[in-house]
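**Q** If you scroll down you'll find the structure; I have some questions about it.
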Amino acid sequence: MYSPEPARARISIIGAGPGGLTCARILQQRGIAVTVYDRDPGPDARNQGGTLDLHADNGQIALREAGLLDEFFQLARPEGQEMRQMDPTGQITSHKVPEAGELFKPEIDRGQLRGLLLDSLEPGTVHWGRALDTISGPADGPRQLLFDDGTTIETDLVIGADGAFSRVRPAVSPAVPQHSGVSFLEAWFSDVENRHPDIAKLVGPGSAHAADGKRGLFAQRNSGNHIRVYIIQRVPVDWISTSGLTIDDTDDIRALLLGEYAHWSPHMRQMITDNDGPYVDRPIFALPVPHTWEHNPTVSLLGDAAHLMPPLGVGVNLAMLDACELALALADSATVDDAIRTYEKTMLPRSTATAKVLEHGAEHLLSADVTDSGSDNVAQPQGPGSQ
């Protein structure tokens, strides 16, 4: 089998989320050409989600290798590391306040992180409006990428960074995500200091979580005077439609929620009733544990495409660490095949070990005993291209 030298290979990354963009940045920093394809028509086509924390032992490592750590700290919010645990009355039961100068996991809006990564790439790196349909061609390459606009691209390496419902994953694995039994509804609050001062005071500068064992709320401060609240329930994936509603039926959904949270204090129920605009449905999915695959010399995965887990603070961080390690393996290996072997030798055991710890962990978000759930757990609910 012939496998090209990475510097001469045609490398295609599918998905322009933090994982895919981090991989592209580090490859370009090391003189390796790469093209990123994303299904969105442009970088501003949709809201990128809320805030997330980048950890010093994974996400920040990737940004350091990308030469972007200083720029990250200029955008990040260290105060966002504050975490409040409350009961359904709004009483604080646990309060973690970061020490002065603490930078282990500062917060950054997902859109700001994506913008930082996009701006660091060579012009024309990302091809927008290119939704992958299928991958064909022999396992030892070259591969053909068929896009939904009917065009095809020939490539030597396909990197699947296209999130939970990856279109690349079927080339190496038959696994599909399964609903965890837990779903979020996302609610947005804007200009909170003026329009929602009670909620702003309740949440503080970081995140706040409350649960009663069956249902929960998780709120997180975003930049620009915004707060996002995630209403967490143990429900079927189709609970809205089976209730005879659509996601646009805001008032009727709110009435259902108020019934579910009737015993919570009015102070806490403001996070259900006072949101600006409609809710966003965010069911939580996960891949089977363990999720591994036979080595393929022309295709590999990173982030949620490789190891979708319950949202407990690891998703984006692991995606960026994956991206970093894969890019470095490509820079340091004689062939693409060698690089994939090197990368997967570390990534697959690490993701398996983490997934085993977090298996069924979505239930953790309903526990009244959570003391530090971490903000990455709700920053980017799973979706195509999320990592």
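**Q** Which whole-number value in Å³ per residue fits the convex hull of the alpha carbons of the chain?
**A** 130 Å³
**Q** Could you go through the range 90-106 in sequence order and give the Karplus-derived ³J(HN,Hα) for each residue, using 6.51 cos²θ - 1.76 cosθ + 1.60 with θ = phi - 60°, rounded to whole Hz, and x for Gly and Pro?
**A** x, 6, 6, 9, 8, 9, 9, 10, x, 6, 4, x, 5, 9, 5, 8, x
**Q** Something else about it: Antiparallel as a % of all DSSP beta bridges within the chain, to the nearest 5?
**A** Percentage antiparallel, nearest 5: 75.
**Q** What FRET efficiency do you get for GLU99 and VAL280 if R0 is 45 Å and r is their Cβ-Cβ distance, rounded to the nearest 0.05?
**A** That pair, GLU99 with VAL280, gives E of 0.85.
**Q** If you bin the C-alpha pair distances of the range 234-379 every 5 Å from 0, what whole percents do you get?
**A** In order of increasing distance, the bins hold 2, 8, 14, 15, 14, 13, 10, 8, 6, 5, 3, 1, 0 percent.
**Q** 222 nm [θ] for the chain, helices only, -39500 (n - 2.57) per DSSP H run of 4+, per residue, to 500?
**A** -9000 deg cm²/dmol
**Q** Something else about it: State, as an integer percentage, the relative contact order of the range 173-239 based on alpha-carbon contacts under 8 Å between residues 6 or more apart.
**A** 41 percent
**Q** Further, regarding this structure: Hey, what angle do you get for helix 336-358 against the long axis of the chain, alpha-carbon based, 0 to 90 degrees rounded to 10?
**A** So the inclination is approximately 20 degrees.
**Q** Quick one: which of 229-236, 355-362 comes out on top by average Cβ neighbours within 10 Å, and what's the full order, highest first?
**A** 229-236, 355-362
**Q** While we're looking at this one, here's another question. Using Cα centres only, tell me the gap between the range 139-188 and the range 279-336 in whole Å.
**A** Using only Cα atoms, the two centres lie 11 Å from each other.
**Q** Given just the C-alpha atoms of the range 109-249, how large is their convex hull per residue in cubic angstrom?
**A** Per residue, the Cα convex hull of the range 109-249 comes to 192 Å³.
**Q** Above 25 Å lies some portion of the pair distances; for the range 184-284, what is it as a whole percent of all C-alpha pairs?
**A** For the range 184-284, the share of Cα pairs beyond 25 Å comes to 14 percent.
**Q** Another one. Which whole-number percent gives the relative contact order of the chain, counting Cα pairs below 8 Å spaced six or more residues apart?
**A** Relative contact order comes out at 27 percent.
**Q** Take every DSSP beta bridge with both residues inside the range 1-145 and express the antiparallel ones as a percent of the total, to the nearest 5.
**A** 65 percent
**Q** Also, quick follow-up: Near the amide H of PHE285, under 5 Å away, which other amide H atoms are found, from residues 5 or more places off or on another chain, if H is placed in the peptide plane?
**A** Amide H to amide H, under 5 Å and 5 or more residues apart or across chains, PHE285 pairs with SER180, GLN382.
Quick note: the coordinates plus some simple rules give every number you see, no bench work behind them. Here the structure is a predicted model, which means the values were calculated and not measured. Cβ atoms come from the backbone with ideal geometry, glycine included; neighbour counts cover every protein chain shown.
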